[in-house]
Amino acid sequence: MTGIPETASWREMGLKDKEYELIKERLGREPNYTELGMFAVLWSEHCAYKHSKHLLRTLPTKGARVLVGPGENAGVVDIGDNLACAFKIESHNHPSAVEPYQGAATGIGGIVRDILAMGARPVVLLDSLRFGPPDDPRSRFLFGGVVSGIAGYGNCLGIPTVGGEVFFARPYALNPLVNVFCGGIMKHEDLHKGQAYGVGNVVMVVGHSTGRDGIHGCTFASDVLDEDSESKRPNVQVGDPFMEKLLIEACLEMMARGAVVGIQDMGAAGITSSCAETAARAGTGLVIDVGKVPMREEGMNAYEVMLSESQERMLLIVSPQKVHEVKSIGAKWGLNVAEIGRVTDSGKLQVFHDGVEEASIPVSLLAMGSPEYTPEAREPEYLRETRELDSGSVRAPEFPEMKDILLKLLGSPNIASKEPIFRQYDHMVRTDTVEGPGQGAAVVRVKGTKKGLVFTTDCNGRLVYLNPKGGAAWAVTEAALNVAVTGAKPLAITNCLNFGSPENPEIYWQLKEAVQGMAEACQALDTPVTGGNVSLYNETEGEAVYPTPIVGMLGLCEDIEKRITPGFKRSGDVVAVLGKVWGDTRSLSGSEYLEVVHGMVAGDPREPDLNLARGIIEVLTEGARDGLFGSAQDLSEGGLLVALAESCIHAEDGATGCVVSPKALGCGGREDVRADAMLFGESNTAVVVSFPEDVDEQVAALCRRHGVPLSVIGRVDESVVAVETCGGQRVLEVPIAEIAGAYARGLETALKR
Amino acid sequence: MRFGVVVFPGSNCDTDAYHAIKDVAGVQCEHVWHTTTDLSGFDAIVLPGGFSYGDYLRCGALARFSPVMESLYGFVEKGRLVIGICNGFQVLLEAGLLPGAMLANDVLEFRCQWVNLKVENNKTPFTLLYDPGEVIRFPIAHGEGNYYAEPDVLDELERTGRVVLRYVDGSGRPTREANPNGAARNIAGIINEKGNVLGLMPHPERCAESILGGEDGRRVFLSMIKSLESGALASR
């Protein structure tokens, strides 16, 4: 590569030398500066998925209910009654690492516009957040900023934040993860797409004016963070939720009037990506005059206008007869609406400024021409060490210690109540939130039907770190069980793959394994992937985040009145486990117990038993239909005893305790079983349920039919969580008041420490 | 009988109020665009919650200059009913239709949660279906609900029974812990002198159906309907 100057502008823009050569070759000439900038943003990892595209192709994407799969602004799934749900998750990690408030706020703005672009009204938000330990000052700053950014932007929009999760661990200290999920509802006929059809149709931009903010934001999001990252603060955009609210209403009105041929969010890479993608999908071209774009700053050139990531803007493709109507609706809502170009049959994106052609690039080359990389994958060294976990390496506590362990786990920020966070979010607006934040999944009614939509986000990065394939399969399985414990059927997922640099063979191996695990689980559980996002380069000075493939899942509850909730309902009800609790040393792998109590992140977590999970889902959905279950709660962080404690915390008055004897789990005779693993072990494919004694035959028959082991372990009774041995000796008893207190105060205590 | 729910740019509880009035309480209801100047066809007007004009200045400070507000003064003058919920309450304060002002919550954070309220005055068109002193549960969702007024204004409100709702604990005591935002004297809702304009921070429209976790809020709308049926309509 001789002759390329050290200060080559494409390098500063994030393009590699060979990518620049490829651009020259395919274009048949040197690109000019504006064109180079356009390539740099669209060929960035963030926009082009250069390292992940071939892996993503292995994910199952088809299903009877899938109306729109990956490739559009968001996936769309049929929910019956001529209604559909558009949903997607997306990351805003890099901006949030340097400017947490605006990073998180504009993350919400972007995902909401993606849902809007499908023609749906956005109706729910969920946030999947990862931070360093709460006693670390930097993590605390990022946490505070992100949470207030979500509140500041989301509350103003009138879209309830109904759920999500937060997980704290050291590897996220410098690279927080901020993944935001939005779901929307529409009638089938309201479906819109980001496609620039119809030569002669008008290209319009609606919403905020364009400024110099966020130029090269997506290039920034495609690189590792370093000591210079602070200087990238100007790459972060500034959000205006009021403008977004007006934009939502105006666009929905324009679409309802049939005035919109195609619509696309101007997110990453702004006008460049929205123009190139809409034209590429339709096989057309566009001619744009940047001088017609409403600008908020003087003297912006074509390069700046094309690359600006100013927020709250949408690109519209409108037939000439409807331009007037679109303008008048925009005026009603006080928004800028401008004609900036036309659809052509040139197959090119042509950009003019003051009559001068500033760029002319084939849209297919811009939007789909980036190279794909399959880098070297190598099993990480660390796994050799972490996989070593034998019974001797973890001291087995005596029963008297178990009380403190349970309280410690309930108070651990990863398990404790997240109310200090979600009380800052409006989770009730729209008056459809039937089961809100604080539970495994949120249940939202669909007015005018009996149905409920169920939403959850899940991923335990610690498990993925220790076993990328199994951990990713767990993310899908846990999401599916979280949906199923409400009595709903899991329908489909969206994913956000958060990893370090794919150019590191060990990280790439994590990514590859995780995608495989996710694919297998989605296949087995019949939950296709309808879209999502990949966020790589989440690392600072060689320290990467835990591999974190977050799953956002949609489920459907046919009769919302028959939903199941996590809290015990009646004293005397039978408490039982559906599925299998291993109770051996291996089940301590990657557990919260192992880290919080023994200070270890180790082990080789088992993969989920996908057949069993499928059976459990059938049992729960059928059982819900027949009204068998009083409560259901899946086993995740903290294992069986924490799941039981949570069913007590969420219980109806008078049903707040339980007495269990785990001998009934059928592991009594096995040598490798240990009490701490039985009570706190994880990676069990299992759910705790309660039901009235008079339906126990029905429940047993249902479980037999689906091949699901059913173990009655105790009763809803007293106001303690108590464990008894085979001989009936009570070895552990924790009053509910202490359980509830530890759970309620855990997060705030950790943040004040 | 016709209710109108005003839609300011940035209102976001407008459809919730509409649903509670039309689908739950079962009376006619329409959205009223903020530029409307003729309210003569309405018997009651709701100023809904949300973030009018983004609340970038002071909550409600811009909305009060909307054309619809001009007509609202006359509407109030005629004795018709106006209820301002959350942001709507803030607009009523800015418009001078109710006394006092809102400060940021003393916790300096937005709060979305259920609260207990005591019905301090059930002899209003908005509360006549509640028992005197009844403790009810409503959700709140605001960042600036810390009601403030000069002590003499507060005394006057108390003396004239114009404190309609107060934040209380489960047994009806107005404790510090039961006050979610630092509001003076735990005030959650007040009424004007004439008794036809109510402002409250909690959201009755969010608790009008049992599936949402409580239905104490429905009686606010049913009280308004009952009071309109029994007289106010005649003065139209």
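The values are calculated or read from the model by the stated rules, or taken from the named source; none is laboratory data. If you're wondering where the values come from, they're calculated on a predicted model, not measured in any experiment. Neighbour counts are summed over all protein chains in view; Cβ atoms, including those assigned to glycine, are modelled from backbone coordinates with ideal geometry. Just the protein is used for accessible areas: all its heavy atoms, side chains included, with ligands, DNA and RNA removed. Shrake-Rupley method; radii C 1.70, N 1.55, O 1.52, S 1.80 Å.
Descriptive notes on the structure:
- Residue A:53 versus residue B:108: modelled label distance in nm, points set 7 Å from Cα along the beta carbon direction: 4.9
- Dipole of the protein assembly as shown, positive end: most advanced residue of A:472, A:236, A:157 [Cβ charges, Cα centre]: A:157
- FRET efficiency estimate (nearest 0.05) - Cβ-Cβ, residue A:257 to residue B:22, R0 25 angstrom: 0.60
- In this structure residue A:238 has an accessible area near 90 Å², from a 1.4 Å probe over the protein heavy atoms.
- Phi angles across region B:198-215 convert, under the Karplus curve 6.51 cos²θ - 1.76 cosθ + 1.60 with θ = phi - 60°, into 3J(HN,Hα) values of 10, x, 8, 6, x, 9, x, 5, 8, 9, 9, 9, 5, 5, 8, x, x, 10 Hz, Gly and Pro given as x.
- Alpha-carbon spread of chain A, three principal axes, descending order, Å: 90, 60, 44
- Calculated [222 nm] ellipticity per residue, helices only, for chain B: -5500 deg cm²/dmol; basis is -39500 (n - 2.57) per DSSP H run with n ≥ 4, divided by all residues, nearest 500.
- Partners for residue A:245 among lysines (Cα-Cα distance below 17 Å; same-chain residues under 8 apart left out): A:332
- Gain upon complete extension [residue A:364, residue A:652; 0.36 nm per residue less C-alpha separation]: 97.8 nm
- Helical mean residue ellipticity (222 nm; -39500 (n - 2.57) per DSSP H run of 4+; nearest 500) of chain A: -10500 deg cm²/dmol
- Computed from phi, the 3J(HN,Hα) profile of region A:76-86 under the Karplus parametrisation 6.51, -1.76, 1.60 (θ = phi - 60°) reads 9, 10, 5, 10, x, 6, 6, 10, 9, 10, 9 Hz, with x in place of Gly and Pro.
- Restricting attention to chain B, the count of lysine pairs at 8 or more positions apart or across chains with alpha carbons under 19 Å apart stands at 6.
- Taken residue by residue and averaged, Cβ atoms of other chains lying within 10 Å of the Cβ of B:54-67 number 1.
- Which listed pairs, of A:187/A:447; A:50/A:193; A:451/A:562; A:469/A:512; A:450/A:489, have C-alpha distances above 18 Å, in listed order: A:50/A:193
- Among A:454-463, A:241-250, sorting by the average number of other beta carbon atoms lying within 10 angstrom of each residue, highest first, gives A:454-463, A:241-250.
- Using θ = phi - 60° and Karplus 6.51 cos²θ - 1.76 cosθ + 1.60, couplings along region A:247-259 (whole Hz; Gly, Pro as x): 4, 4, 5, 5, 5, 4, 5, 4, 5, 4, 7, x, 8
- Near the amide H of residue B:28, within less than 5 Å, lie the amide hydrogens of B:3, all on another chain or at least 5 residues away, with H placed in the peptide plane.
- Per residue of A:427-439, other chain Cβ atoms within 10 Å of the residue Cβ number 5 on average.
- Solvent-accessible area of residue A:50 with every protein chain in place, 1.4 Å probe, in Å² to the nearest 10: 10
- Each Lys and Arg Cβ is given +1 and each Asp and Glu Cβ -1; about its Cα centre, region A:84-133 then shows a dipole of about 120 debye.
- Shielding score for B:1-12, defined as the mean number of other chain Cβ atoms within 10 Å: 3
- Summing +1 for each Lys or Arg and -1 for each Asp or Glu among the other residues whose beta-carbon sits under 14 angstrom from that of residue A:327 gives +1.
- Of A:347, A:283, B:44, farthest towards positive along the dipole that unit charges on Lys, Arg, Asp, Glu beta carbons give the protein assembly as shown: B:44
- Cut-off under 5 Å, modelled amide H: who pairs with residue A:313 long-range: A:208, A:266
- From the C-alpha gyration tensor of region B:1-88, square roots of 5λ in Å: 20, 16, 10
- Each Lys and Arg adds +1 at its Cβ and each Asp and Glu adds -1 at its Cβ; summed about the Cα centre, region A:557-613 shows a dipole of about 220 debye.
- Cα→Cβ-extended label distance, 7 Å offset, between residue A:731 and residue A:170, nm: 3.2
- Net +/- balance of residues flanking residue A:610 in space, Cβ distance below 11 Å, scoring K and R +1, D and E -1: -3
- Of B:154, B:92, B:200, the one that fluctuates the most in a GNM where chain B has Cα springs shorter than 10 Å: B:154
- Gaussian network model of chain B, Cα within-10 Å springs - most flexible of B:182, B:217, B:41: B:41
- Within straight-line cross-link reach of residue A:408, lysines at Cα separation under 18 Å, skipping those fewer than 8 residues along the same chain: A:418, A:752
- Residue-count net charge about residue A:352 - beta-carbon cut-off 9 Å; Lys, Arg +1, Asp, Glu -1: -4
- About the centre of its Cα atoms, chain A shows a dipole size close to 1540 debye [charges on the beta carbon of Lys, Arg (+1) and Asp, Glu (-1) only; nearest 20 debye].
- At R0 = 60 Å, FRET efficiency that the Cβ-Cβ distance of residue A:419 and residue A:346 yields, to 0.05: 0.60
- Build a GNM of chain B with springs between Cα atoms under 10 Å apart, and of B:60, B:26, B:79 the one that fluctuates most is B:26.
- Sites residue A:141 and residue A:704, calculated FRET efficiency, Cβ-Cβ separation with R0 45 Å, nearest 0.05: 0.25
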